[in-house]
Amino acid sequence: MIRDNLNNINVFNILSTSTINKSTTLPTDVFDISKGNLSGEITVDPNSNFLKNLGGPNDNSSTVMVTVKKSADYILAIKYNFDARTFRIKVNNIDYTYKTSANSDGSIFYAILPLKAGNNELEFHSDKIAYAPDLGTFTVTEKTSEINDIIENTKFTVGNYNLANGVFSSDEIITGPATNLVSNIGGTEDNSVSLLIEVPRLGDYTLNINYRDANKTFMIRYGGQDIKVVTPELENGIVKVDLTFNYNNNLVIFHGDGKNYAPDLGLISVAFNSTIPNEIYNVALGKLENGAILDNSKNLVTALGGKKDGASTITIKVPEAGDYKFSINYYKENTPYVMDINEKSNTYWTGDEYFAFTNEIVTLKKGDNIIKFHGDTLYDGPDLGMMMVTSIPSEKETSILSTNTPKVVIKELIGDATIDINDFINNISGLSDSAVLANANVAMEGFYNLQVEYTAPNFDRVMKIDINDINTGSLYHLSNTLGNTLTDIKKFITPIFLTAGNNTIKFYSNESNYAPNLRKITIDTVNHNENNYSTNIILSGSAIINGNFIEGLGGSENGALSFKITVPYSGIYDFGIFYVAKVDSKIIKIDVNGLNTGEIYNFNKTKSMDINNEKVKVIKLNLYSGENTIKIYGI
């Protein structure tokens, strides 16, 4: 019986800033930035009443107190002069960075700010390098249905790009001067074009990409992940792709699928998505404990985790129970950290980029939620800062960039095993019975791909793996690496079977060998086909389908079942058969592509013949790339 676990994908949008038409009318109170608490060498233009020389090397600023009746999202509309300049607004000690667009003097810049009931301190300044635009009076208005209409009918474009101005990986890539389209992306050499996209703040954005060629595939690589995109059926048009960008520059690579050429691609507009984020928080401003430190220069909390288990605790209030996305700025790639959500712990990992953000899907209760960020008592955690919390409606799907896949958490080092400065676990040796114990908590029983980063300097290594105190039955041989540094890392992947809930995974070696040095360990769901008795299954002899099971294999009528399976690569695969049996030593044989494996497979009895008491037997089969025919029968 083959099972199929399908993961939902949630799609959601975020709006941050824009420029609105001068004629738009907003019911607001008017604040005068020139009458704020001024610091540094700021001057006021006597004609326009605009503040000049905000920001700069001395970070000149104006601080204005804004009082509102209730905690909510508010719309800030501020007059400005000078095109395309960056400035910052610190709201109750949390900094938000913006960039004005190319409009004429006297335009209005439009942003969403989360304000609390009562007094809110708004400090207008810059990045300690460049000067901000000249700023004038501003208004603060609670977001209402009337404002929603304005938002939904406003185009929040933050930049336009031409892929022809990107960096080409090959001379084969060409640009059509008349069409402004880039050709020969992809192919067998996987030619690519790299582009830096600048955005004013962390948030969700839509890329509107001009293309030519219908129903063609291309890939977008961002944040170490590939996103598959297929153009619509129209020969020419625009394809939309949603991405979560970090503040400032984001490297985006357009390439192919490794085989075929991608469609021709050209002009790209980048726009904010249209839904307001629920809240923005700063992990660095939480309750700091056990040595965690606020780094004011970076607006981050440092020294999370480690031996002292440094921690930061914040309270998040949400209007409804449900799933939410946490987008968290971090420093330090491929590093574990722990979030305790209302005292329930889960471990997460930062991504492959050194300075980026995580996207984690979590479940919160209605009202206040206590979130504690700390380490796993072994590793030093990443530095964390701004966090955006976005509601995910249940009827939608999860972001394609979500990293909330099950993680393996290192819990204990046995014997001589130690962790070095690069987070490698060394000295895992059968000679001294050294080992690593890890926990993996999964929601559903099934197969998972276990992926291990490792180094094996100087010689090949041997590793054994136990799942819940049962050996997998395999002795894993891992090839050697040039050295024991981060640049020498190789990856080892093998499928494993986990039960629902907590699973213990033990990594060790045999009596006379060293295991490799282990680093990051992850697991990803493997999809199966659940109860898929379709035309793909061929029954013969006495074999019949009875409910959830196939019965009558073997016997005097030679009952058998055959089916086809397609795999991407040639190699050895774990083949899981779910079954029930009344007695021990039930026997089957298996043919792969017409050839018997040479093995006789014994199945032990189950507690009952009910599906709730089914077991799984994992058998290793050697499959070829492409389609394979599997036949299961008795003796």
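A short reminder: the numbers here are calculations on the coordinates, not readings from a lab. Keep in mind that this is a model prediction, so the values were computed, not measured. When we count neighbours, we look across all protein chains shown, and the Cβ atoms used for this are built from the backbone with ideal geometry, even at glycine.
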Item checked: Nitroxide proxy distance, nm - points 7 Å out along Cα→Cβ at LYS605 and LEU234 -> 6.7
Notebook entry, point to check: Working out 0.36 nm times the residue gap between GLN225 and VAL618, then minus their Cα-Cα distance, what length gain in nm do you get to one decimal?
Noted result: 138.4 nm
Notebook entry, point to check: How big is Rg to Rh over region 281-391, alpha-carbon atoms, Rh as the Kirkwood inverse-mean-distance radius?
Noted result: 0.94
Notebook entry, point to check: Given labels modelled 7 Å from the Cα in the Cβ direction, how far is it in nm from ASN215 to SER269?
Noted result: 2.9
Note to self: Per 0.36 nm of contour for each residue apart, how much would the distance between LYS491 and ILE587 grow if the chain were fully extended, relative to their Cα-Cα spacing?
What the structure shows: 30.9 nm
Checklist line | Order of SER48, SER512 - criterion: other Cβ atoms within 10 Å of each residue's Cβ, fewest first | finding: SER512, SER48
Item checked: Lys/Arg +1, Asp/Glu -1 at C-beta; region 160-272 dipole; positive extreme among VAL199, GLY237, GLY266 -> VAL199
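Between THR67 and ILE414, what length in nm is gained on full extension when 0.36 nm per residue of separation is reduced by their alpha carbon distance?
Roughly 119.2 nm would be gained on extension.
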Next item on the list: Run the quick spin-label model on ASN53 and GLU445: label points 7 Å from Cα toward the beta carbon, then report their separation in nm to one decimal.
Entry: 7.4
Checklist line | Cross-link reach list, lysines versus LYS631, counting only Cα pairs under 26 Å and skipping chain neighbours closer than eight places | finding: LYS564, LYS582, LYS586, LYS589, LYS605, LYS615, LYS617, LYS620
Notebook entry, point to check: Setting aside same-chain residues fewer than 8 positions from LYS259, which lysines have a Cα under 21 Å from its Cα?
Noted result: LYS216, LYS228
Next item on the list: With a Förster radius of 35 Å, plug the Cβ-Cβ distance of THR499 and LYS317 into 1/(1 + (r/R0)^6) and report the FRET value to the nearest 0.05.
Entry: 0.45
